[in-house]
Amino acid sequence: SLSRTDTSLPFFPQRKLVKMPPKIQQKSKEQKMAAAMAGGKGKKKKWSKGKARDKVDNKVLFTKEQWERLNSEVPKMKLITVSGVVEKLKISGGLARRSLKLLAAEGKIRPVLLSRAQRIYTRNIGEEDE
């Protein structure tokens, strides 16, 4: 006959005793409070300032020297854009757009693409042959 203490049966798996680690002495409430206060906040994380761009100081009116450079250098450029003229002469975008319209009206440069977003001009080759 079978007894209850017989552990060799399949529905009574053999259990091994697992030794638990010794209990650690718990801190008192006062000790916990002191530890929490001692930790403090430490260093607070600073927000990064981001990449600092150099402030460009483009002119909004032509100087005599810039006006002469516009009339001499720009008509010789192969690709003439607003941004190209802004970089070359250090003038504002609005001033560059108006000066390019003026040069196109005078026939010194020829428009290639005139869209709402980008204006592309090129040098006027036909006039140099005549």
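Of the residues that make up the range 69-76, is at least one in a loop (DSSP other than H, G, I, E, B), modelled with pLDDT of 80 or more and not hydroxyl-bearing (Ser, Thr, Tyr)?
Scanning the range 69-76 turns up no residue that is in a loop (DSSP other than H, G, I, E, B), modelled with pLDDT of 80 or more and not hydroxyl-bearing (Ser, Thr, Tyr).
Restricting attention to the range 88-130, which residues are in a strand (DSSP E or B) and open to solvent by less than 50 Å² (accessible area, probe 1.4 Å)?
ILE91, ILE109, ILE120, TYR121, THR122
If you go through the range 62-87, how many residues are open to solvent by less than 50 Å² (accessible area, probe 1.4 Å), in contact (Cβ under 8 Å) with a residue 40 or more places away in the chain and hydrophobic (A, V, I, L, M, F, W, C)?
2
The values are calculated or read from the model by the stated rules, or taken from the named source; none is laboratory data. If you're wondering where the values come from, they're calculated on a predicted model, not measured in any experiment. Note: ideal-geometry Cβ built from the backbone for every residue, glycine included; neighbour counts use all protein chains shown. Only protein heavy atoms, including side chains, enter the accessible area calculation; ligands, DNA and RNA are left aside. Shrake-Rupley method; radii C 1.70, N 1.55, O 1.52, S 1.80 Å.
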